[in-house]
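The values are calculated or read from the model by the stated rules, or taken from the named source; none is laboratory data. As the structure is a computational prediction, the values presented were derived from the model and not from experiment. Cβ: placed from backbone, ideal geometry, glycine included. Neighbour counts: every protein chain shown. The accessibility values were calculated without ligands, DNA or RNA, using every heavy atom of the protein model including side chains. Shrake-Rupley method; radii C 1.70, N 1.55, O 1.52, S 1.80 Å.
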Amino acid sequence: MLTDNKVKIQFSRGLPFYFVILILVIPIRLLFAVIISVAVHELFHLIALRALGVTVFEIVFDVGGARIKTQEMLPKIELLCALAGPIGGLLLVSLYRYCPAISICSLAHTCYNLLPVFPTDGGRVLRCAIRLLSKNNAQNWITGLDLVIITIIIIVCVYVTIVYPVGVIP
């Protein structure tokens, strides 16, 4: 059931400045690949939300990514909608033979987005799973897991930086 509501689309004030910096730093071809990857990802979220009858109020694009503001959702519906974006990204990965830059950007974006840390899609999936399995104190579990996962990621990054001296600080 699709509703005929108007979706407000907003861009943050810092976004044009951010794009100017990106244009100066990243090759245009790669920048377009990133934009296409993010656009398809968000489009798949939007398609899932609409298909499941969820009212979408606003889409906000800012330096940190995009956020879709919706009505309150049941955990099952939010779980499906959270997985829709990464599924769209994986479909782009399957086009590697035809557009490798888009595929690689989409794979990196999908992997990052599936990290089980809120507010990424992986964090939303984890939150929904905890809410479905445990009816009480889901937020405390999520906050604790976020801290553990972020700590593990930091430790792995520091370890890899020390063991494999590449990058800015070899």
Select from segment 42-58 the residues that are among the aliphatic types (A, V, I, L, M) and in contact with a helix residue (DSSP H, G or I) (Cβ under 6 Å, 6 or more places away or on another chain) and write down the one among them that is surrounded by the most Cβ atoms within 10 Å (Cβ to Cβ).
-> Leu49
Between residues in segment 85-108 that are touching a residue at least 12 places away in the same chain (Cβ under 8 Å) and residues that are among the basic types (Lys, Arg), which pairs lie under 7 Å by C-beta distance while being six or more apart or on different chains?
-> Ala101/Arg29
Return a yes/no flag: does segment 64-72 have any residue that is open to solvent by 70 Å² or more (accessible area, probe 1.4 Å), farther than 27 Å from Leu133 by Cβ and modelled with pLDDT under 85.
-> yes
Within the bounds of segment 21-29, is there any residue that is modelled with pLDDT of 85 or more, open to solvent by less than 70 Å² (accessible area, probe 1.4 Å) and in a helix (DSSP H, G or I)?
-> no
Which of (1) surrounded by 14 or more Cβ atoms within 10 Å (Cβ to Cβ); (2) part of a helix (DSSP H, G or I); (3) touching a Leu at 6+ places or on another chain (Cβ under 7 Å); (4) not polar (S, T, N, Q) does Phe61 not meet, given it meets every other one?
-> (2)
Identify, by number, the condition in (1) open to solvent by less than 20 Å² (accessible area, probe 1.4 Å); (2) part of a loop (DSSP other than H, G, I, E, B); (3) closer than 24 Å to Thr151 by Cα; (4) not small (Gly, Ala, Ser) that Thr110 doesn't meet.
-> (2)
Residues in segment 64-99 that are aliphatic (A, V, I, L, M) and assigned to a helix (DSSP H, G or I): how many?
-> 11
Specify which of the listed residues (Arg131, Arg124) is touching a helix residue (DSSP H, G or I) at 6+ places or on another chain (Cβ under 6 Å), open to solvent by 60 Å² or more (accessible area, probe 1.4 Å), under 25 Å from Ile68 (Cα atoms) and without any contact (Cβ under 8 Å) to a residue 60 or more places away in the chain.
-> Arg131
Inside segment 32-58, the number of residues satisfying the requirement of being small (Gly, Ala, Ser) and not in a helix (DSSP H, G or I) is 1
Scanning segment 50-68 residue by residue, the ones that are within 12 Å of the chain's Cα centre (by Cα) and among the aliphatic types (A, V, I, L, M) total 2
Pull up segment 73-96, narrow it to residues that are under 17 Å from Arg29 (Cβ atoms) and out of contact with any Cys (no Cβ under 9 Å at 6 or more places or on another chain), then point me to the one that is most open to solvent (accessible area, probe 1.4 Å).
-> Tyr96
Do we have any residue at all in segment 149-164 that's over 22 Å from Leu91 (Cα atoms), aromatic (Phe, Trp, Tyr), out of contact with any helix residue (DSSP H, G or I) (no Cβ under 6 Å at 6 or more places or on another chain) and open to solvent by 70 Å² or more (accessible area, probe 1.4 Å)?
-> yes
